[in-house]
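The structure appears below as structure tokens.
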Amino acid sequence: MNEALSYFLKLDDAVIITDTEHRIIDVNAKYEEITGHRRNDIIGFQAGILKSGLTPKRTYEQMKEALNDSRAWSGVFVNRKRNKGLWHSNITITPIEIGQSLFFIGIFRDLGTITEGTYVSEKRITKIQNEILKVLALSCEIRDPFIEEHLLRVQTLTKKFLKTFNAANEMMLTEDYIQQVVNASIMHDIGKSGIPEGILYKPGKLTYYERSIIETHPLIGVDILNKISNELEDELFRQEIIVSKSIVEFHHEKWDGTGYPHQLKGDEIPFEAQVVSIVDVYDALTTRRAYKDAWTHEQAIDHLQQQRGVAFKAELVDLFVEAIDASA
Ligand SMILES: [Fe+2]
């Protein structure tokens, strides 16, 4: 062991030293104590053996980009201890040149033992966000006893639809975006909380005025989301709220410009709203409502196909049919 390197091992934080190929050169006593890995068992192996599979891929990409550029990098890793338990840590990796060789010195801070503030893992943040959005969506439509099943089906179908879309379009959508649309799809009708019950659940035909009142629900929904985002001012929710607003506001627009509330046409309608609109119509048709019986799957698909290029973008109807047939 190079003498200069041995100084790093005296630090009171867990330290790992690798070469530029990410092969483990050494770890210190603190590292052994926290992780349970003995230095003699891991020296010479790739640092990748410590991975848990739970650190987002982009974290490693950002790390490699910085290190290849000879820049230091900091981020959060979720690694596995020897006993298979998870270890959440903040690591700073610094490239250090000694003699003719370059080494990476990784210094870990264990996030499980921080004494001030709270560390919340990315996975847990996503879970909390989903739960909050779900509670919000359900409480806005609490008057409809079957709403929970409808909303969960919309989420499941939206996910299948987007995966099929992505497979057919060279994976142009990121996993993060897909998840945001799936999470936000549950919110599409929150504006119905502002519509009187007598109109919302009226069996039979609606009058012109009753229909006009129902058609305000996308804008009421946006209003609710604006109030939430003003209150929250939270970076964590910012992206989720943008996607949710788009779905809430535009899910009743139609491809031919005859929808509401803005009569947008074609691809003026945001993509995520076009997706949720098809899913929502399919699920509404195949579910029994106060004013109508449930349609069969075939009848609903038939209706969507008749609406190719009318209410919906033709290519999206085809992909939705493909997605739903694949899962049948
Ligand atoms: Fe709606």
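Any read-out appearing in this document is the output of simple, stated calculations on the displayed coordinates, not a laboratory observation. Everything numeric in this text was worked out from a predicted model, so none of it was measured. A quick note on method: Cβ atoms are made from the backbone with ideal geometry, for glycine too, and the neighbour counts reach across all protein chains shown.
Is it fair to say Leu225 is under 20 Å from the mean Cα position of the chain (by Cα), surrounded by 21 or more Cβ atoms within 10 Å (Cβ to Cβ) and more than 25 Å from Gln307 (Cα to Cα)? Judged against the criteria, Leu225 is a match.
Evaluated against (1) more than 16 Å from the ligand (Cβ to nearest atom); (2) of a type in the set (D, E, K, R); (3) more than 17 Å from the chain's Cα centre (by Cα), Glu215 falls short on exactly one condition, (1).
Considering every residue within segment 256-264, establish whether at least one is under 27 Å from Ile199 (Cα atoms), crowded, with 18+ Cβ neighbours inside 10 Å and within 14 Å of the ligand (Cβ to nearest atom). Within segment 256-264 (the criterion being under 27 Å from Ile199 (Cα atoms), crowded, with 18+ Cβ neighbours inside 10 Å and within 14 Å of the ligand (Cβ to nearest atom)), the answer is yes, since at least one residue qualifies. Quick one: would you say Ile34 is assigned to a helix (DSSP H, G or I) and touching a residue at least 24 places away in the same chain (Cβ under 8 Å)? Judged against the criteria, Ile34 is a match. Considering only residues in segment 157-180 that are away from the ligand (no atom under 16 Å from the Cβ) and β-branched (Val, Ile, Thr), the one that is farthest from Pro145 (Cα to Cα) turns out to be Thr174. Only residues that are surrounded by fewer than 15 Cβ atoms within 10 Å (Cβ to Cβ), in a helix (DSSP H, G or I) and in contact with a Leu (Cβ under 9 Å, 6 or more places away or on another chain) were counted across segment 273-301, and they come to 1.
Yes/no matrix, rows are residues, columns are (1) of a type in the set (Ser, Thr, Tyr); (2) touching a strand residue (DSSP E or B) at 6+ places or on another chain (Cβ under 8 Å); (3) surrounded by fewer than 16 Cβ atoms within 10 Å (Cβ to Cβ):
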| position | (1), (2), (3) |
| --- | --- |
| Ile34 | no, yes, no |
| Ala47 | no, yes, no |
| Asn79 | no, yes, no |
| Thr92 | yes, yes, yes |
| Pro95 | no, yes, no |
| Phe103 | no, yes, no |
| Phe108 | no, yes, no |
| Asn130 | no, no, no |
| Ile142 | no, no, yes |
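Scanning segment 305-316 for residues that are part of a helix (DSSP H, G or I) and more than 15 Å from Gly259 (Cβ to Cβ) turns up Gln305, Gln306, Ala314, Glu315.
Among the criteria (1) assigned to a loop (DSSP other than H, G, I, E, B); (2) away from the ligand (no atom under 16 Å from the Cβ); (3) without any contact (Cβ under 8 Å) to a residue 60 or more places away in the chain, the one Pro203 does not fulfil is (3).
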